[in-house]
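The values are calculated or read from the model by the stated rules, or taken from the named source; none is laboratory data. All values derive from a computational prediction rather than experimental measurement. Cβ placement follows ideal geometry from the backbone for every residue including glycine, while neighbour counts extend to all protein chains displayed.
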Amino acid sequence: MIKGDYMKFYQKIIKKPWTYVVGGIILAILNIILFWFSGKTWRITSGFLYWGMGILEKFGLEHSNWYYFNVYGNELTKGKTFFNNEYTILNLAVILGALIAALLASEFKWKKIKSKKQLVFALLGGILMGYGSRLSFGCNIGAYFSAIPSFSLHGWVYAIFMFVGAWIGCKLLFKFLL
């Protein structure tokens, strides 16, 4: 490949944003491949749950008698560990893939925190999103992206409330931060 062809390829595939249709098709194909090889759909928050439990175990907290793990099971007590589970691998792959994509597209930037108010809102929003995703047994990936293609009713209900929540969040953002 000559240099001009390489630059056209770089500009078209890496530098310029893909359409939503192309991105959706690629994500769907990757989700199918994941399900084919692992037998599990794409999930994010389960990995964070195991990360948190791994950290708490290092501080000596025993979680196997907690209500949540007795009712809903715990793969950590079934031979899986903090690092030895598919969710950790998936989460690290997503983080690393996003970093590589941002670097290749020259879009990686460190942003300065503008104010303590912005920091508090970001932390509060992250905590609420994490708590809500565990209450719903999944984030927008597991409860929406993997549920709707499998014709699950809860995916559609989740979608409705996700859009309502996003609308409310935007209104709050404009009122208090902008």
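The table that follows gives values for the structure above.
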read-out: Whichever residue in segment 98-138 is of a type in the set (S, T, N, Q) and within 25 Å of T45 (Cβ to Cβ) and, among such residues, is surrounded by the most Cβ atoms within 10 Å (Cβ to Cβ); value: S133
read-out: Condition met for S146 (closer than 30 Å to K15 by Cα, out of contact with any strand residue (DSSP E or B) (no Cβ under 7 Å at 6 or more places or on another chain), exposed (fewer than 10 other Cβ atoms within 10 Å of the Cβ) and modelled with pLDDT under 85); value: no
read-out: Pair list, Cβ < 7 Å and 6+ apart or interchain, from segment 152-173 residues that are touching a residue at least 12 places away in the same chain (Cβ under 8 Å) and surrounded by 10 or more Cβ atoms within 10 Å (Cβ to Cβ) to residues that are among the aromatic types (F, W, Y) and assigned to a helix (DSSP H, G or I); value: G155/Y144; Y158/Y144; A159/Y144; M162/Y144
read-out: Looking only at segment 103-118, and only at residues there that are more than 28 Å from F176 (Cβ to Cβ) and not in a loop (DSSP other than H, G, I, E, B), the one that is nearest to the chain's Cα centre (by Cα); value: L103
read-out: Any chance F69 is modelled with pLDDT under 80, surrounded by 12 or more Cβ atoms within 10 Å (Cβ to Cβ) and assigned to a helix (DSSP H, G or I); value: yes
read-out: Flag for I13 being surrounded by 10 or more Cβ atoms within 10 Å (Cβ to Cβ) and either under 19 Å from A143 (Cα atoms) or among the polar types (S, T, N, Q) (or both); value: no
read-out: Matching option when the condition is among the aliphatic types (A, V, I, L, M), part of a loop (DSSP other than H, G, I, E, B) and either farther than 19 Å from C139 by Cβ or modelled with pLDDT under 75 (or both), among L99, L61; value: L61
read-out: Whichever residue in segment 105-143 is touching a helix residue (DSSP H, G or I) at 6+ places or on another chain (Cβ under 9 Å) and either of a type in the set (S, T, Y) or closer than 30 Å to F9 by Cβ (or both) and, among such residues, is modelled with the lowest pLDDT; value: S136
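A quick yes/no check of all residues on (1) among the β-branched types (V, I, T); (2) within 24 Å of I33 (Cβ to Cβ); (3) in a loop (DSSP other than H, G, I, E, B):
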residue	(1), (2), (3)
C139	no, yes, yes
A147	no, yes, yes
V157	yes, no, no
F163	no, no, no
I168	yes, no, no
L173	no, no, no
